[in-house]
Amino acid sequence: MQKHRLRIVYMGTPDFAVLPLKKIVEAGFDVVGVVTNPDKPAGRGQKIQASSVKKYALEQGIPLLQPEKFRDEVFLQNLAAWKADLQLVVAFKMLPEVVWAMPPLGTINLHASLLPDYRGAAPINWAVMNGETCSGVSTFLLSHEIDTGKVIFQEKVAILEEMTAGDLHDLLMERGAELLVKTVDAVERNDYPLVEQSYLLGGREPKMAPKIFREDMKIDWTTDVETVYNHIRGLAPYPAAWTELEHIETGEVLTVKITSVCKGVKKLEGVSGEIYTDGRVWEVGVSNGRIRLEEVQFSGKKRMKTEDCLRGFKLDEYRIKM
């Protein structure tokens, strides 16, 4: 295996950040430490869980830091003691300058979009929700403003019509891991480009990818087939688009997450928010047709195929709460 001279600190937390770390380690780079989020409660039982990156780092015997605050003096001293030449950040929190400017070669971020578009916390979701036909991954040097640093490398991928955010996540994780290895290798050889994002923008405003809140996930049935279809697949399988059902007689309201839909074979006319069912199929009208629900999840229940759901649920007693 090739001998690499750079001392690298890796920062990341979720599943998306594990494969890039794994590829960096397998490429023979010297990862002298990992920074990840503190353990926290997760799941229905709210048991304390370690991050995916922490679990991998422990398996590999890589030293760990889990700071509550990045400006904590003890954390900064411990981070400096690793004497990193370069820091890598994948799916992590926003860092203060005292952290990202610490190593002599700076800090490189892997971002799941073709920067400068889709800066922000949820680039994968927003790209699919907005009906984009391509996305990609970018490596860039961190600077003061979030996701605005000079771009090093990018790789484009196609977003197929049936792809969900989950599908795109997995694809970009694979491509991003490869791109990060390519980037670190180029930095070690001191042979890499640095492109200003303003040049890539060419005078236009970038598309943004802010954090997604609950109201962003609510389905607007007054829009068209394409908009609703993209909205649902852009939030699938997580955090999932949702709507509310109201019992026609009692007024009882049920929240339903919708994780899979299709446009249907036929273009049927529909009234916005109107439910259409024959006891096996569940469709909802939009402004120019209908959306067929394929997989749903009621609050506190498991996800299930619509056909299975309708065997025990009297859908004709409910309407969409608009």
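The values are calculated or read from the model by the stated rules, or taken from the named source; none is laboratory data. Keep in mind that this is a model prediction, so the values were computed, not measured. Glycine gets a Cβ as well: all are built from the backbone with ideal geometry, and neighbour counts include every protein chain shown. These area figures cover heavy atoms from the full protein model, side chains too; ligands, DNA and RNA do not enter into them. Shrake-Rupley method; radii C 1.70, N 1.55, O 1.52, S 1.80 Å.
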Task: Tally of residues being farther than 20 Å from Leu310 by Cα and either open to solvent by 10 Å² or more (accessible area, probe 1.4 Å) or part of a strand (DSSP E or B) (or both) across the range 230-248 - done: 6
TODO: Please verify whether the range 298-307 includes one or more residues that are small (Gly, Ala, Ser), over 15 Å from Val225 (Cβ atoms) and free of Cβ contacts under 8 Å to residues at least 60 places away in the same chain.
DONE: yes
- [ ] Search the range 28-42 for residues that are closer than 16 Å to Leu86 by Cα and modelled with pLDDT of 95 or more and pair each with any residue that is open to solvent by 10 Å² or more (accessible area, probe 1.4 Å) and of a type in the set (Val, Ile, Thr) when their beta-carbon atoms are under 9 Å apart and the residues are at least 6 apart or on different chains.
- [x] Phe29/Val181; Val31/Val25; Val31/Ile62; Val32/Ile62; Gly33/Ile62; Val34/Ile62
TODO: Check Leu105, Leu95 and return the single one that is closer than 14 Å to Thr148 by Cα and surrounded by 15 or more Cβ atoms within 10 Å (Cβ to Cβ).
DONE: Leu95
- [ ] Scan Tyr276, Tyr229 and give me the residue that is of a type in the set (Phe, Trp, Tyr) and over 25 Å from the mean Cα position of the chain (by Cα).
- [x] Tyr276
TODO: Check off (1) surrounded by 11 or more Cβ atoms within 10 Å (Cβ to Cβ); (2) in a loop (DSSP other than H, G, I, E, B) for Lys23 and give me the number that stays unchecked.
DONE: (2)
Open item on the list: Pull out all pairs, ordered by first then second residue, where Cβ-Cβ is under 8 Å, the residues are six or more apart or on different chains, the first lies in the range 65-77 and is open to solvent by less than 70 Å² (accessible area, probe 1.4 Å), and the second is assigned to a strand (DSSP E or B) and not β-branched (Val, Ile, Thr).
Closed with: Leu65/Gly33; Phe75/Leu65
Open item on the list: Consider the range 211-227. How many of its residues are of a type in the set (Val, Ile, Thr) and not in a loop (DSSP other than H, G, I, E, B)?
Closed with: 2
- [ ] Return yes when Ala84 is over 30 Å from Pro206 (Cα atoms) and either in contact (Cβ under 8 Å) with a residue 24 or more places away in the chain or basic (Lys, Arg) (or both) and no when it is not.
- [x] yes
Task: Single residue of Gly279, Gly251, Gly270 found to be part of a loop (DSSP other than H, G, I, E, B) and touching a strand residue (DSSP E or B) at 6+ places or on another chain (Cβ under 7 Å) - done: Gly270
- [ ] Mind listing just one residue for me: the one in the range 1-20 that is open to solvent by 10 Å² or more (accessible area, probe 1.4 Å) and not in a loop (DSSP other than H, G, I, E, B) and, of those, nearest to Val184 (Cα to Cα)?
- [x] Arg7
Open item on the list: I'd like the residue in the range 26-50 that is charged (D, E, K, R) and part of a loop (DSSP other than H, G, I, E, B) and, out of all such residues, is farthest from Lys182 (Cα to Cα).
Closed with: Arg44
Open item on the list: I'd like to verify a number: residues in the range 180-210 that are open to solvent by less than 40 Å² (accessible area, probe 1.4 Å), out of contact with any Ser or Thr (no Cβ under 8 Å at 6 or more places or on another chain) and not in a helix (DSSP H, G or I), how many?
Closed with: 1
TODO: For Lys305, state whether it is at pLDDT 95 or above and out of contact with any helix residue (DSSP H, G or I) (no Cβ under 8 Å at 6 or more places or on another chain).
DONE: yes
Task: Residue tally, condition touching a residue at least 40 places away in the same chain (Cβ under 8 Å) and β-branched (Val, Ile, Thr), over the range 155-169 - done: 1
TODO: Go through the residues of the range 25-38 one by one and say whether even a single one is more than 23 Å from His169 (Cα to Cα), out of contact with any strand residue (DSSP E or B) (no Cβ under 9 Å at 6 or more places or on another chain) and not small (Gly, Ala, Ser).
DONE: yes
- [ ] For the range 267-279, enumerate the residues that are open to solvent by 70 Å² or more (accessible area, probe 1.4 Å), over 15 Å from Leu245 (Cβ atoms) and in contact with a Lys or Arg (Cβ under 9 Å, 6 or more places away or on another chain).
- [x] Lys267, Glu269
